1. Using θ = phi - 60° and the Karplus relation 6.51 cos²θ - 1.76 cosθ + 1.60, list the HN-Hα couplings for the range 1190-1201 in order, rounded to whole Hz, with x at every Gly or Pro.
2. Counting only protein heavy atoms, what percent of the accessible surface of the range 1-106 is carbon or sulfur at a 1.4 Å probe?
3. Which of LYS291/LYS338; LYS1111/LYS1169; LYS623/LYS712 have a Cα-Cα distance over 20 Å?
4. What is the set of long-range amide H partners of ASP99 at a cut-off below 5 Å, with H atoms built 1.01 Å from backbone N?
5. In nm, to one decimal, how far is the modelled label at ALA670 from the one at ASN1217, with both set 7 Å along Cα→Cβ?
6. What distance in nm separates the simple spin-label points at LYS31 and SER758, each placed 7 Å from Cα in the Cβ direction?
7. Please work out how much length the chain gains when fully extended from SER271 to ARG1157, using 0.36 nm per residue of separation minus the C-alpha to C-alpha distance, in nm with one decimal.
8. Where in the range 790-829 are there trypsin sites (Lys or Arg not before Pro) that are in a DSSP coil and have at most 10 other Cβ atoms within 10 angstrom of their Cβ?
Amino acid sequence: MSTSMSRLRTLDLGLAPNLEELVLVKCKDLKKLHLPRRCINLRCLLLTYTKLRTLDIGLSPNLKKFDLQNSYCLEELHMNECQKLTKLKISHSMLRTLDLGLTPNIKTLDLKECDKLIEICTPIGWRKQLVHVDLSGCLRFKSFLFQIKNNTSCSVDESIVVGPIPQLNLFVESLERCRLHPDNNLPNFRFDCVCKEDRPSFTRNLEMLFSVGMCDCTNLQKFSGSICGLQRLRSLDLRGSFLEAIKDFDRLECLEELILVSTTMDHLPDSICMLKHLKHLELSCCRLLEKLPDDLGRLECLEELDLAFTKIKHLSGSICMLKSLKSLDLYSCSSLGKLPKDLGQLRCLEELILVGCESLQYIPNSICEMKCLKCFDITNCIQIENLPEEFGHLESLEALGILLCILMIQLDPSITHSMAFYSTTSLYNSFKYDVFLSFRGEDTRTNFIDNFIMLFIRKAFIPTRMTRESEKAKVSVMSSSDPLKTQSFTSLFSPKIMPLRHGAWMSFVKIIECQRTNGHTAYPVFYDVEPSEIRKQSGVVGKAFCKHENEEAVGKWREALKVAADLAGWELKNVADSCRSKFIQNIVEERSLELHSISFNNDEKLVGMESRINDVLSSLETKTVDVRMMGIKGIGGGGKTTLARGVFDRISFQFEGKSFLENVREVSNASLSGLKSLQNQVLADVLNDNDIKVSNVYDGKQMIQRMMHNRKVLVVLDDVDHIGHLEVLAGELTWFKVGSRILITTRDEQVLFIHHVSLLSDKEAIHLFNRYAFGRNILNQEYEELSIQVVRYAAGLPLTIRVLGSFLCGKNELEWIDAIERLKTIPLKETLKKLELSYIDLEEDYKEIFLDVACIMKGWRKDDAIKAIECCGFHARNSLKVLEQKSLITIYNNYDTYDYYEYVDMHDHIEEMGRSIVRFSHPDKPHKHTRLWIYEEIENVLANDLGTKATWCIRLDTQEHNRKFDLKGLRKMKELRFLSVGAARNQSLPITFQANNLVALEMVGSKIVLKNLRILDLRGSMLSTLDLRITPNIETLKVGSCVNLVELHMHVECLKLISVNLEGSWLIKTINLRLAPNIKELILNFCNDLETLLMPERCLNLIYLQLTNSKVRSLDIGQTPDLWKLDLEDCHYLEQLNMEYECQKLSNLNISHSKLRTVNLGLTPNLEKLKLKDCDDLVELHTPVEFLKLIYINLEGSSVRILDLRLAPNIEELNLNFFIDLEKLQMPNRCLNLRNLQLTN
């Protein structure tokens, strides 16, 4: 329910228990509001600028948002249990106390300007959720009250007691002191108020305080020593505060983040160099800061240093000792004259920002030693003329900013060529092995490790391993580079492996180093040993180290063991031998899942596939134990195979056998043994046995059925176009073991249950094109407009995008333009070849209908297309269904325009393919083409009188070319079935033209009509008179926007006429349709001068009548039992509407802006929507029968005095705005569905 700017004083909603939303905005006279005692569904309550003094919201357990802003008179608020309430705003009220005892989950509390508020009572646990409190302007506020277990409360006068909550933002301008709760688990406290004390007091036990924020404390001049006593403090934010030199920083031993943005310091104290754990130091906008401490290099953990917008003049050499530094930001340090000579020692630096360093003159050569540098920006460094000679050796550099630099014209091309764009693909492809198995011990290799290796191989991963060290066995130790070629490690720990040699320990240390630095992952397996023994190095482990204490590297070994013991892994201890195989299998399953995920996510060319793959997986439901077969349908080149491959790669490791059969159609049709070879392949793949041979197709079926029955398999059959392919490759679900999945890609919906593949969106298409055209995701700005043209041409088809992207890669702008112009006349051959496969398999009559749609009927209403096709002797409905199942056409509804008819459409490239078939049948001889649509070709045929019987269809748009030519060339086209001529205002057909076979004529703008037509489309013509006597078989009449039409004559019965559209023919005054009793659709919108509409007495088929903006005064619709929608909006002269017969199916009635005085709805019992807006003369609305389906009523601006809606119990929305004369409103006793009630003025 929503009401605004109303003079409503009392509102009683006690009988609306299902209210979900109540919005009363600026109801300034509202003094009383009664809500249901139980309002279970209420989620949002918004009451602003009211005069309510008391409010009881009853039981509202689902209330999430409660807003009482500017409730100036509110003194009492009663709230029952509101478990889901997270936002409460009660600003500018007169509340003295606020009890939040039943609102444990509040996150935002806004009480600003509640100047009489003294205290707040809160429940147990309430502080766990709270993140924002605004108490500004609460001048009398003294304390929070926290309920504790013994039902007592604790409060401290004249201060705020803040308990152990995650984060509290206080905006209290008058607060002078902030005492913290004595509990020791306060993790984050932000003090964002104007502090009036030089040294704010922080008392009580705060040993566990991790974070303090004191932003914009403009009066804070000296830093409180009490804060420096918070030895566990990790984050300190003093941005915007007025500070003198800070001391005692060295006491904050655990500090990791220090933010001093926009402070007034001119230098940093030396004590800051003692923060050995500091990782983030932000000093940006400290505009007085001129120097840094000389010992800053002692901050060995510092990773980010932000000095942007400071007055730093030089950096001391000690900054080069920050070995962990990853980001150095010197943005707009205009006073900075030079960089340290040894800056290259910052080997971990990834980002160096020097934008706007106008005084900087050169870059030190040592920068070329920064092997991790990814971003280097010297934009607007106007004095830098050259980069170091070896700058091109920075292979990891991803982004280089040199805008407005003199060196732009001198930049060596080798520098840009050497820049590497990092991608996960390059990292993934650099791995030689998938899994590295590290193990030692006499009894691990032949039993435990061999099981690992066999399972990994079965999962299609490449394992490498180190053989055990043994005096009796051959030693095979990996090379030092092997770990770097492996993306995952599995290390085995056993009490029998500890007395190892130096080389084995160093290999293990190498693994841990790779895990830390090179993007590898390591997983320990604790084999008959506990992780604590490894971590503490006790027991057998401790004894083993006693033998190595004299070796120099023993410290590294110990450290590596501690790291490994803390990693997530698997523990196998005291497990029977029979269970160990299951244990190994579980480990391999988990690792396989992660490795497959890495492999899949690193394919950069799979644009837009993630969501589509997830959709297929949700339908496959791989965790269920049934056998499931599913198809993926789409047009050629639409991404079906790519999608199936993505699904296969994602889940294949979960199956005992797998096979991906590509190009089933092509292979099976290539030779007589095609199907047999496919059977061989699927058996060889699933059984991992290349020696299997199938003697014939029948034996192959039997063998597949027998071999698959005991295996959980995943089989993908790509490009299946015939049910026979399925019968020999995956005939029945009973062939396969439970849990198996069979996935089929096809263009034919008749093959099996289908999952439709959607084409790429515009965003996905441009993303994919960029990868093929430019080798990256970022769009090249110079080619932006041309790229958009290419993507628009591709129309979401992945095949076309890939082909064009690869073709245009590396070409210049002129070559791009030439290629795009060529596409306008010569379609892409590779795309057409792929799409044409679906056409080739069609039967001859389907082929002809397909070509008609491609050349003429695309965009037609389905009903019109069916009529035209049937007139040519074809079975239209079945034909269109077959074409739709073959993915050659689509049938869609245009609901967005309230048009409920179906339309025929097809993809742009399929349209191109169909038209190419017609043109290539007789190249360079358009007069022999069966269908003509190209202006120049039609002009040539007609001007030279080359017309023949071969031409069946012509679609000509003369408006685009603004030229006129003689249509006399049509006289020889005796087999012409379709003729469409656009903008033919002064054109006329030849007298000798024979129209015996013509079934559809569109002459937009013409002055003529013809006999024997079923479809007549003369929209926009200059006709003044239309006589239908010459068209006795007419079915569809479209004469919309005929601005000169004044007469429509129907002197004979038009029994086949079912659709009439005269929309926009505003001069016609009388329409007589009494001789057209079978009309289904009548559209007369904007016939502005229409005064008389004569309908048949019995119009039994009429479904849709739309008559808007007319001058009709009286309308009798006769007997119309099938009428579904009646729209008479803006008929300002309408005084009488006769509905003498029951309209059982009428669901939508709109008579807004009429002069009707009385409306009786007694004959429309199934009405759903009623709109009588701005009917100023309406005084009576009769509802004598029950309206169970009526959900929407709009009577805004009417003059009804008594409104009885007691027989409409299911109303959801009722609009009675500006119902000035309303005296009595009778609502149903139970109105459970009412959600929106508007009653203003």
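The values are calculated or read from the model by the stated rules, or taken from the named source; none is laboratory data. What you see is a predicted model; the values in this text were computed from it and never measured. Here Cβ is always computed from backbone atoms with ideal geometry, including for glycine, and neighbour counts include all displayed protein chains. Accessible surface is based on the protein model in full, side chains and every heavy atom, while ligands, DNA and RNA are left aside. Shrake-Rupley method; radii C 1.70, N 1.55, O 1.52, S 1.80 Å.
1. Each residue of the range 1190-1201 in turn: 6, 10, 9, 9, 10, 10, 4, x, 7, 10, 4, 8 Hz.
2. Working: 2370 of 5170 Å².
Result for the range 1-106: 46 percent of the exposed heavy-atom area is carbon or sulfur.
3. Working: LYS291/LYS338 14 Å; LYS1111/LYS1169 24 Å; LYS623/LYS712 12 Å.
With Cα atoms farther than 20 Å apart: LYS1111/LYS1169.
4. Placed amide hydrogens put CYS121 under 5 Å from ASP99.
5. The modelled label-to-label distance comes out at 6.9 nm.
6. Between LYS31 and SER758, the label points sit 5.5 nm apart.
7. 310.1 nm
8. Working: sites: ARG792, ARG802, LYS811, ARG822, LYS824, LYS829; in loops: LYS811, LYS824.
Those that pass, being in a loop and sparsely packed, are LYS824.
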